[in-house]
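*Asks:* Below is the structure I would like to discuss, written out as structure tokens.
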Amino acid sequence: MKVIAIANQKGGVGKTTTAVNLAAGLALAGYSVCLVDCDPQANATTSVFDREKLENTLAEVVIPEWHYQGKNRNANFVPIESVVYETQLPNLDLIPASIKLAQFDQQPVTVIDRLVKAIQRVASDYDLVILDTPPNLGFLFTAALKSASYVLIPIAAQYLPLEGVSDLLFSLRDLGEIDILGSLVTRFDTRTTLGKDAREKIERDPVLGPRCFATVIGENTKIAEAPAFHVPVYLYQPLTPGVSRAIQQFDELTLEVLERLKLPNKRSKILKGVK
Ligand SMILES: Nc1ncnc2c1ncn2[C@@H]1O[C@H](COP(=O)(O)OP(=O)(O)OP(=O)(O)O)[C@@H](O)[C@H]1O
Ligand SMILES: [Mg+2]
């Protein structure tokens, strides 16, 4: 079992998109995968699941529901096993988030340990766990990173791509034992010099440059559309050239991730998404 956090405190850089589609790619590569949404925005949740069909979420696992009996106050928590939902993709389960998770940062600091233990418990049921994290360095970020043995850092090939990355690396060093699995250039637009300049800047960075994945995720409207249908891009229909291109990029990323984790691609053929 390996736990990978997708993190960058900068907003809108493609964390959720990467978490969802990498999780799907790994599931299609033959691994049992759990996608854990650690962000109160719940974007990863709605990207693979219809929110209307949810009962409890990660919030009820870690934030107490208080019950009063006379003068006694008892904290109730839901077990993490009861908030595991199957997605439309075989091998891919989801532990969803909800806006209630925003209360996480107002809890006593012990809430971090509660989340770490819950993730560790559920992780033992899977080959791989992918954690989507929020765009800040708060308690949820800390808990997610403490639960993970690897971090993957998506960086958008846009204006000031590396803004805040030094704070992120500093926080990671503070958290101790965590390997940077790689940095991933996302939202790359071949048509703009801004995109090309940003990509070059990322690749020249002394820490993240050498760890950059060869795969680059291009700016692609199909990638932005798929979440509206609660599916990873692999299941997005119809299979237009734009969808195929996105699938190919996430397949390439999946293979690179497996290689860095020293895990085989268990599918007999090279990944090509699902038809
Ligand atoms: N490669 C891409 N091409 C086009 N749109 C993209 C791409 N990647 C992400 N997007 C879109 O950009 C927006 C931000 O992406 P995403 O939600 O993955 O970023 P994030 O880092 O998780 O954001 P946040 O920090 O708010 O959690 C979303 O609307 C998403 O659909
Ligand atoms: Mg997100």
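*Asks:* Please give the number of the condition Lys71 fails out of (1) within 15 Å of ligand 1 (Cβ to nearest atom); (2) more than 14 Å from the chain's Cα centre (by Cα); (3) of a type in the set (D, E, K, R).
*Replies:* If we test Lys71 against (1) within 15 Å of ligand 1 (Cβ to nearest atom); (2) more than 14 Å from the chain's Cα centre (by Cα); (3) of a type in the set (D, E, K, R), just (1) comes out false.
*Asks:* Would you pick out the residues in the range 61-87 that are assigned to a strand (DSSP E or B) and closer than 30 Å to Val48 by Cα?
*Replies:* Within the range 61-87, the subset assigned to a strand (DSSP E or B) is 65-69, 72-76, 85-86.
Within the range 61-87, Glu65, Asn76, Tyr85, Glu86 meet the criteria.
*Asks:* Given the residues Asp125, Asp132, which is the only one that is among the acidic types (Asp, Glu) and either crowded, with 19+ Cβ neighbours inside 10 Å or at pLDDT below 95 (or both)?
*Replies:* On the way: Asp125 fails: either crowded, with 19+ Cβ neighbours inside 10 Å or at pLDDT below 95 (or both).
Of the residues listed, the single one that is among the acidic types (Asp, Glu) and either crowded, with 19+ Cβ neighbours inside 10 Å or at pLDDT below 95 (or both) is Asp132.
*Asks:* Quickly run through the range 248-257 and pick out the residues that are within 27 Å of Leu160 (Cα to Cα) and surrounded by 21 or more Cβ atoms within 10 Å (Cβ to Cβ).
*Replies:* Answer for the range 248-257, where residues must be within 27 Å of Leu160 (Cα to Cα) and surrounded by 21 or more Cβ atoms within 10 Å (Cβ to Cβ): Gln249, Phe250, Leu253, Thr254, Val257.
*Asks:* Scanning the range 158-188 for residues that are small (Gly, Ala, Ser) and at pLDDT 95 or above, which turns out nearest to ligand 1 (Cβ to nearest atom)?
*Replies:* Residues of the range 158-188 that are small (Gly, Ala, Ser), as a first pass: 164, 166, 171, 176, 182-183.
From the residues that got through so far, the ones that are at pLDDT 95 or above too are 182-183.
Details: Gly182: 16, Ser183: 14 Å.
In this case the residue turns out to be Ser183.
*Asks:* Based on what the data block shows, is Asn76 touching a residue at least 12 places away in the same chain (Cβ under 8 Å), within 16 Å of ligand 1 (Cβ to nearest atom) and either of a type in the set (Val, Ile, Thr) or surrounded by fewer than 15 Cβ atoms within 10 Å (Cβ to Cβ) (or both)? Can you show your working first?
*Replies:* Working: touching a residue at least 12 places away in the same chain (Cβ under 8 Å): yes; within 16 Å of ligand 1 (Cβ to nearest atom): no; either of a type in the set (Val, Ile, Thr) or surrounded by fewer than 15 Cβ atoms within 10 Å (Cβ to Cβ) (or both): yes.
No, not satisfied.
*Asks:* Which members of the range 35-53 meet the condition of being β-branched (Val, Ile, Thr) and either within 12 Å of ligand 2 (Cβ to nearest atom) or farther than 14 Å from Ile6 by Cα (or both)?
*Replies:* Within the range 35-53, the first condition is being β-branched (Val, Ile, Thr), and the residues that meet it are 36, 45-46, 48.
Thr45, Thr46, Val48, listed by residue number.
*Asks:* Can you tell me how many residues within the range 222-246 are in contact with a strand residue (DSSP E or B) (Cβ under 9 Å, 6 or more places away or on another chain) and touching a residue at least 60 places away in the same chain (Cβ under 8 Å)?
*Replies:* Applying the first criterion (in contact with a strand residue (DSSP E or B) (Cβ under 9 Å, 6 or more places away or on another chain)) to the range 222-246 yields 223, 232, 245-246.
Within this subset, residues satisfying the condition of being touching a residue at least 60 places away in the same chain (Cβ under 8 Å) are 223, 232, 246.
Going through the range 222-246 one residue at a time, the tally reaches 3.
*Asks:* Can you name every residue in the range 164-197 that is among the hydroxyl-bearing types (Ser, Thr, Tyr) and touching a residue at least 12 places away in the same chain (Cβ under 8 Å)? Give the derivation first.
*Replies:* The first filter runs over the range 164-197 and keeps only residues among the hydroxyl-bearing types (Ser, Thr, Tyr), leaving 166, 171, 183, 186, 190, 192-193.
Residues satisfying the conditions are Ser171, Ser183, Thr186, Thr190.
*Asks:* Only one of these conditions is not met by Ala27: (1) crowded, with 24+ Cβ neighbours inside 10 Å; (2) away from ligand 2 (no atom under 15 Å from the Cβ); (3) part of a loop (DSSP other than H, G, I, E, B); (4) not aromatic (Phe, Trp, Tyr). Which number is it?
*Replies:* It fails just one condition, (3).
*Asks:* So which pairs qualify, if the first residue must be in the range 247-265 and free of Cβ contacts under 8 Å to residues at least 12 places away in the same chain, the second must be assigned to a helix (DSSP H, G or I) and among the aliphatic types (A, V, I, L, M), the Cβ gap must be under 9 Å, and the two must be at least 6 apart or on different chains?
*Replies:* Pairs that qualify, where the first residue is free of Cβ contacts under 8 Å to residues at least 12 places away in the same chain and the partner is assigned to a helix (DSSP H, G or I) and among the aliphatic types (A, V, I, L, M), are Pro264/Leu258.
*Asks:* Which residues, taken from the range 125-141, are under 19 Å from Gln103 (Cβ atoms), more than 12 Å from ligand 1 (Cβ to nearest atom) and acidic (Asp, Glu)?
*Replies:* Residues satisfying the conditions do not exist here.
*Asks:* From the list Leu26, Leu94, Leu58, which one is at pLDDT 95 or above, over 13 Å from the mean Cα position of the chain (by Cα) and away from ligand 1 (no atom under 15 Å from the Cβ)? Full working, then the answer.
*Replies:* Details: Leu26 fails: over 13 Å from the mean Cα position of the chain (by Cα); Leu94 fails: over 13 Å from the mean Cα position of the chain (by Cα).
Testing whether each residue is at pLDDT 95 or above, over 13 Å from the mean Cα position of the chain (by Cα) and away from ligand 1 (no atom under 15 Å from the Cβ) leaves just Leu58.
*Asks:* Moving on. Do we find a residue being surrounded by fewer than 16 Cβ atoms within 10 Å (Cβ to Cβ) and touching a residue at least 60 places away in the same chain (Cβ under 8 Å) anywhere in the range 135-145?
*Replies:* So far as the range 135-145 goes, yes, one or more of its residues are surrounded by fewer than 16 Cβ atoms within 10 Å (Cβ to Cβ) and touching a residue at least 60 places away in the same chain (Cβ under 8 Å).
*Asks:* Let me ask something else. Can you find, within the range 202-244, the residue that is nearest to Asp50 (Cα to Cα) among those that are of a type in the set (Lys, Arg) and buried (at least 16 other Cβ atoms within 10 Å of the Cβ)?
*Replies:* Checked the range 202-244; the qualifying residue nearest to Asp50 (Cα to Cα) is Lys222.
The values are calculated or read from the model by the stated rules, or taken from the named source; none is laboratory data. This is a predicted model, so every value here is computed, not measured. We place every Cβ from the backbone using ideal geometry, glycine too, and count neighbours over all the protein chains shown.
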